[in-house]
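Below you'll find the structure, written out as structure tokens, and then a few comments.
The values are calculated or read from the model by the stated rules, or taken from the named source; none is laboratory data. In this text the structure is predicted, and so the values were computed from the model without any measurement. Note that each Cβ is placed from the backbone with ideal geometry, even for glycine, and that neighbours are counted across all protein chains shown. The protein model used for the area step is the full one, side chains on, heavy atoms only, and it has no ligands, DNA or RNA in it. Shrake-Rupley method; radii C 1.70, N 1.55, O 1.52, S 1.80 Å.
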Amino acid sequence: HVLRQPVGPTLFVEVSSCGRKVATAGFDSVYLWDAASGSLERELLRRMSWTSGVALTEGGREVISSTENRLLIWSGRTGALLASPSMSAGVVRFASLPGGERVVAFSFYEAVVWDLRTGQHLVALEAGGGGGGEP
């Protein structure tokens, strides 16, 4: 199947661990697709702000995208925005952790882990800043 986003180029693609869902993201859009049929299931974000990636939790339960200094966590089933935790220095990269219950996000100065079930901020690791190589 050919998945064609309704608007703009596709910059990021993620396939769920089960292989049934595909998430795509462009400059300012996020879409969820059925991998078997190639049909568009949901438009999750459109023309809100710059998107810097897309990720899926196990089985495609949640779709994770980012915009500026926020993660956007969507229900893969309903398309509802579940949470939008913020980071002080913007979101550079992020990923769903194995098990699908946590997400880690990186900015230029910190790494943060959130629990997707409770929305609780679990861990924040700040960058050293000196770069001197000491542990």
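Results, tabulated for the structure shown:
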quantity	calculated
Residue check for L81: in contact with a Leu (Cβ under 8 Å, 6 or more places away or on another chain), buried (at least 16 other Cβ atoms within 10 Å of the Cβ) and closer than 26 Å to R4 by Cβ	no
When residues of the stretch 29-61 are limited to those that are open to solvent by less than 40 Å² (accessible area, probe 1.4 Å) and not in a strand (DSSP E or B), the one nearest to A89 (Cα to Cα)	S49
Those residues of the stretch 1-28 which are among the polar types (S, T, N, Q) and open to solvent by less than 20 Å² (accessible area, probe 1.4 Å), in sequence order	S16, T24
Some residue of the stretch 93-106 being in a strand (DSSP E or B), touching an Asp or Glu at 6+ places or on another chain (Cβ under 9 Å), of a type in the set (D, E, K, R) and surrounded by 14 or more Cβ atoms within 10 Å (Cβ to Cβ)	yes
Output for the stretch 17-28, where each listed residue is touching a residue at least 40 places away in the same chain (Cβ under 8 Å) and part of a strand (DSSP E or B)	K21, A23, A25
Test: residue in the stretch 62-70 that is touching a strand residue (DSSP E or B) at 6+ places or on another chain (Cβ under 9 Å), surrounded by 14 or more Cβ atoms within 10 Å (Cβ to Cβ) and acidic (D, E)	yes
